Amino acid sequence: MKLPSLNPLRVLLLSLSLHFAAAHAEKANQSTIPESLLNRPDTGLVASDGFAPEAEGPALDRANGGTGFSLPWELGGFNVRLADNYTVLTNSIPGASVRTTGGCVTSAPTAAISGLHRYLEDTLLPLPVGTSVWYVSILFRPSEPLGKGAFNGFFGLTLDDEIFIGKPGGGAVNEWVIEGRGGESQVPTGKRLAAGRTDLLVLKIDYSRPRRVTLWVNPAGRTNAPAKPDAIYDRLPPSMGRIGLYSTGGFMADELRVGRTFADVVPAP
């Protein structure tokens, strides 16, 4: 069967139409990316909160200190019922291996799930240009005794209320872990907690392929991340706009930092 010949002019017009449609779609997609992310520097802090005391009082709920956040701390997290248990202290956390800025947050064990989260000014997400990698660090100090509080006294940091990094309520209950909401796909680090000891947790949020969260506990060195991580979790959400505290156990926390490089979030004492 003889196929009809294509008009060269029609082919050209169709090609141009497809080209402009693709260019428009790309421009529309980029327009949803904050300008601060598209033109971001390669190093430096993106957000930080040293939990400094505020004139309004010692409660962390509604506190608005630090930089790089769009809203104060507020009640948030899966099945959260409490937020008034988080109290800001005057002094920094003891035994810190990184620089502290005065103040820290503490919580006693609770009988119900408690949590606060805070929105970043710039959501972390895959970018059309540059490297889509961020680092997060925080200091945690478990209170005595370990495991006191509902669901084995868990506590830790949350990313978008979907990923938990800290002491879990099930599984490896005495180790630092990464897991999904409700304990899904837990990845233990093999690094045990100790009541009264301050540990530094450093995360790498990597939106290149494969997308993943990497965790180091008390990493050696301050310039580059150690080659071998303590845990890797490969279920990173499509974007990350909230960072939270989530707990039933007793603990202290200090110096939440989000940065472009490992060195940004691990400053010398």
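Just give me the residues in the stretch 169-187 being in a strand (DSSP E or B), under 19 Å from Leu245 (Cβ atoms) and of a type in the set (Val, Ile, Thr), in sequence order.
Across the stretch 169-187, the qualifying residues are Val177, Ile178.
Go through the stretch 113-164 and count every residue that is in a loop (DSSP other than H, G, I, E, B) and among the charged types (D, E, K, R).
Result for the stretch 113-164: 5.
Let me confirm something: among Arg235, Arg242, which residue is assigned to a loop (DSSP other than H, G, I, E, B), in the same structural domain as Pro126 (by TED's automatic domain parsing) and of a type in the set (D, E, K, R)? Break it down stepwise before answering.
Working: Arg242 fails: assigned to a loop (DSSP other than H, G, I, E, B).
Testing whether each residue is assigned to a loop (DSSP other than H, G, I, E, B), in the same structural domain as Pro126 (by TED's automatic domain parsing) and of a type in the set (D, E, K, R) leaves just Arg235.
Quick one: is Ser247 touching a strand residue (DSSP E or B) at 6+ places or on another chain (Cβ under 7 Å) and either under 21 Å from Val98 (Cα atoms) or modelled with pLDDT under 95 (or both)? Talk me through it step by step, then tell me what you get.
Values: touching a strand residue (DSSP E or B) at 6+ places or on another chain (Cβ under 7 Å): yes; either under 21 Å from Val98 (Cα atoms) or modelled with pLDDT under 95 (or both): no.
For Ser247, the condition - touching a strand residue (DSSP E or B) at 6+ places or on another chain (Cβ under 7 Å) and either under 21 Å from Val98 (Cα atoms) or modelled with pLDDT under 95 (or both) - is not met.
Okay, residues lined up against (1) in the same structural domain as Gly115 (by TED's automatic domain parsing); (2) surrounded by fewer than 16 Cβ atoms within 10 Å (Cβ to Cβ); (3) at negative phi:
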residue: Gly44; (1), (2), (3): yes, yes, no
residue: Glu56; (1), (2), (3): yes, yes, yes
residue: Leu60; (1), (2), (3): yes, no, yes
residue: Thr67; (1), (2), (3): yes, yes, yes
residue: Trp73; (1), (2), (3): yes, no, yes
residue: Arg81; (1), (2), (3): yes, yes, yes
residue: Asp84; (1), (2), (3): yes, yes, yes
residue: Ser97; (1), (2), (3): yes, yes, yes
residue: Cys104; (1), (2), (3): yes, no, yes
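In the stretch 85-97, how many residues are touching a residue at least 24 places away in the same chain (Cβ under 8 Å) and out of contact with any strand residue (DSSP E or B) (no Cβ under 6 Å at 6 or more places or on another chain)? Please lay out each step first, then the result.
Within the stretch 85-97, the subset touching a residue at least 24 places away in the same chain (Cβ under 8 Å) is 85-90, 92-97.
Keeping just the survivors that are out of contact with any strand residue (DSSP E or B) (no Cβ under 6 Å at 6 or more places or on another chain) gives 90, 94-95.
Number satisfying all stated conditions: 3.
Here is a yes/no grid of residues against (1) buried (at least 17 other Cβ atoms within 10 Å of the Cβ); (2) within 19 Å of Val46 (Cα to Cα):
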| site | (1), (2) |
| --- | --- |
| Asp199 | yes, no |
| Leu203 | yes, yes |
| Pro210 | no, no |
| Thr214 | yes, yes |
| Val217 | yes, no |
| Pro226 | no, no |
| Asp230 | yes, no |
| Tyr233 | yes, no |
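Could you grab the pairs with beta carbons closer than 7 Å, sequence gap of 6+ or different chains, first residue in the stretch 52-79 and without any contact (Cβ under 8 Å) to a residue 60 or more places away in the chain, second one β-branched (Val, Ile, Thr) and exposed (fewer than 13 other Cβ atoms within 10 Å of the Cβ)?
Pro53/Thr90
The values are calculated or read from the model by the stated rules, or taken from the named source; none is laboratory data. As the structure is a prediction and not an experimental result, all values here were calculated from the model. Note: ideal-geometry Cβ built from the backbone for every residue, glycine included; neighbour counts use all protein chains shown.
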